[in-house]
Amino acid sequence: LVVGDPAFHGWAPQLYGARMEAKDVVAALSASAAFGGAAAVTALIGDDATKPAVVEAMRRCDLVHLATHGVPDGVLLGGATVADGKLSMGEVQSLELRARLVVLSECDSFRGKLSSDGVIGITRAFVAAGAPTLVASLWKVDDAATRELMRRFYARLLEGGAVGDATAAMQGAMVSMIRDERRSWSVLEWAAFVVYGL
C-alpha cells in the first residue's frame, strides 16, 4: 500500500512532494519481482487516500508507505475535517496488520511522550498492531530531500527482486546522499529517518 498527499480539504496544507514521492514508490514496487507487478500494489493518492480506504487497505498489505502529514499521536489522512482524517494511536493499535514494514514518511513520526518505557507515539501503536519494522522521522522533513531519500531507500530495499534489510537499505541511501557529487545534501535532509523495531 502506498499513500500520498491525501485530500485535506483546507484543514492541512497539501503535500505535492509527498504525491510525487508516492508515485516514485509505486513505480519501484510495481517493477519489483517481490510484489508481482503493478497489480499487486495498491496506490491511494489524493482524493483516494481517505481514512476508511487507507485503514481497509492496510489490513491486507505486506508493506505500507504513508507519505502524508504526521503528528506524534497520529497520521493525517483524507477527510472533510481533522476529526474525519486523523488516524489515532488507538485506532492503529486496534488494527491487525500483516505488514512486515511500515514507512511513516512524514514529519515527526518518531516523536511522542517520553516515558521510562521509551517513546510512546504512533510508531509504538504500529508495533502493537503487528508491524515488526517501521521507518520513522525524528524531525520535520524537507519534501524534496525525503523524496530523494525514499527513492534511494527503495532502490536498495528491493535489490535482487526481494524485500531486503530495511536498516541496510536506509544506511545505503543515506551514505549515497552524503557522497552525492551533484548536490550537497545537509545532515538535516538525509539523517531524519530511523529504522525502528526488528
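The values are calculated or read from the model by the stated rules, or taken from the named source; none is laboratory data. Since the structure is predicted, the reported quantities are computational estimates derived from the model, not experimental observations. With ideal geometry, Cβ positions are generated from the backbone for all residues, glycine too; neighbour counts draw on all protein chains shown. When the accessible area is computed, the model is the full protein with side chains, heavy atoms only, and any ligands, DNA or RNA have been set aside. Shrake-Rupley method; radii C 1.70, N 1.55, O 1.52, S 1.80 Å.
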For this session: Taking a cut-off of 28 Å between Cα atoms, list the lysines near Lys113, but don't count ones fewer than 8 places away on the same chain.
Result: Lys51, Lys86, Lys140
Problem set entry | Whole-percent carbon and sulfur share, accessible surface of segment 126-198, 1.4 Å | 54
Problem set entry | Distance between modelled label sites at Trp139 and Ser88, nm, 7 Å Cα→Cβ extension | 3.1
Problem set entry | FRET efficiency, 1/(1 + (r/R0)^6) with R0 45 Å, evaluated for Asp62 and Lys113 via beta carbons | 0.90
Problem set entry | Rounded accessible area per residue of segment 135-178, 1.4 Å, Å² | 44
Exercise. If you put +1 on each Lys and Arg Cβ and -1 on each Asp and Glu Cβ, how big is the dipole of segment 65-198 around its Cα centre, in Debye rounded to 20?
Worked result: 200
Exercise. R0 = 30 Å: FRET efficiency of Thr81 with Leu188, Cβ-based, nearest 0.05?
Worked result: 0.40
For this session: Using only alpha carbon pairs under 8 Å that are at least six residues apart, calculate the relative contact order of the chain and give it in whole percent.
Result: 20
Problem set entry | Mean separation of Cα contacts under 8 Å (6+ apart) over length of segment 1-117, as relative contact order % | 30
Exercise. Given the chain, what percent of its DSSP beta bridges are antiparallel, to the nearest 5?
Worked result: 50
Exercise. Size of the dipole of segment 85-124 about the Cα centre, Lys and Arg at +1 and Asp and Glu at -1 on the beta carbon, nothing else charged, in debye to 20?
Worked result: 60
Exercise. So how exposed is Met20, as accessible area in Å² (1.4 Å probe, rounded to 10)?
Worked result: 40
Seminar exercise, completed: In whole percent, the fraction of accessible protein surface over segment 1-106 that belongs to carbon or sulfur atoms, probe radius 1.4 Å, stands at 55
Exercise. Relative contact order (percent) for segment 86-138, with alpha-carbon contacts under 8 angstrom and 6 or more residues of separation?
Worked result: 48
Exercise. How much mean residue ellipticity at 222 nm does the chain get from its helices, if each DSSP H run of length 4 or more adds -39500 (n - 2.57) and you divide by all residues, to the nearest 500 deg cm²/dmol?
Worked result: -10500 deg cm²/dmol
For this session: Report the extension gain between Asp180 and Gln14 in nm, rounded to one decimal, defined as 0.36 nm multiplied by the number of residues separating them, less their alpha carbon distance.
Result: 56.9 nm
Seminar exercise, completed: Everything considered on the Cα gyration tensor (a ≥ b ≥ c; rounded for a/c under 1.5, else prolate if a/b is larger than b/c, else oblate), segment 1-99 must be described as oblate
For this session: Mind checking the per residue accessible area of segment 1-120 for me, 1.4 Å probe, whole number of Å²?
Result: 43
Exercise. What whole number of Å gives the distance from the Cα centroid of segment 2-72 to the Cα centroid of segment 90-119?
Worked result: 17
Seminar exercise, completed: By the Kirkwood definition, with r running over pairs of different Cα atoms, the chain has a hydrodynamic radius in Å of 16.6
